[in-house]
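The next block holds one structure in the form of structure tokens; read it before the comments.
The values are calculated or read from the model by the stated rules, or taken from the named source; none is laboratory data. Bear in mind the structure is a predicted one, so any value in this text is a computation, not a measurement. Neighbour counts run over all protein chains shown; Cβ positions are idealised from the backbone, glycine included. For the accessible areas, the whole protein counts, side chains as well, though only heavy atoms, and no ligand, DNA or RNA atoms are used. Shrake-Rupley method; radii C 1.70, N 1.55, O 1.52, S 1.80 Å.
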Amino acid sequence: MNCNQVVLTGRIAEMDALRYTPAGLPLMAFRIGHVSEQIEAGFKRKVECEIPAIAMGDPAQVVAGWKAGDSIKAAGFLARKSQHSQQLVLHLNRIELIERG
């Protein structure tokens, strides 16, 4: 098994400053707030969550120009925050601005 894909729409809840990895890659860390209605076991369920996300390389530079409240569509994969953490972070491969907040 090696399927690990996530597509999520939401609003940028908070953003860190653009920084660079030791290898010189731009990195942008932020949080995506998501609210939707989903069907679970045949019943409607309101879903609210806030997901930590990072963008590296060119996507990081694009995201650095956005702000909290902007509506986005993000796609990527889940990975642990670090070797010593079980917290998951969404690593973005694709991100697009849907609407300015």
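Annotations for the structure displayed:
- Whole-percent carbon and sulfur share, accessible surface of region 17-73, 1.4 Å: 56
- Long-range amide H partners of D70 with built H, under 5 Å: I12, G101
- Take every pair of alpha-carbon atoms less than 8 Å apart whose residues are at least six positions apart; their mean separation over the length of the chain yields a relative contact order of 29 percent.
- Were the residues from N93 through V35 laid out at 0.36 nm apart, the gain over their Cα-Cα distance would be 18.7 nm.
- Helix-only CD estimate at 222 nm, as mean residue ellipticity for the chain, using -39500 (n - 2.57) per DSSP H run (n ≥ 4): -1500 deg cm²/dmol
- The residues packed around G69, meaning those with a beta-carbon under 9 Å from its beta-carbon, carry a net charge of +2 if Lys and Arg are +1 and Asp and Glu are -1.
- Ordering of 92-100, 17-25 by burial proxy (mean other Cβ atoms within 10 Å per residue, highest first): 92-100, 17-25
- Among Q38, Q86, Q61, the largest mean-square fluctuation in a Gaussian network model of the chain (Cα springs under 10 Å) belongs to Q38.
- Distribution of pairwise C-alpha distances over the chain, 5 Å bins, in %: 3, 12, 21, 24, 18, 12, 6, 2, 1, 0
- For K67, the aspartates and glutamates whose Cα comes closer than 12 Å to its Cα, not counting residues fewer than 8 places off in the same chain, are E14, D16, E99.
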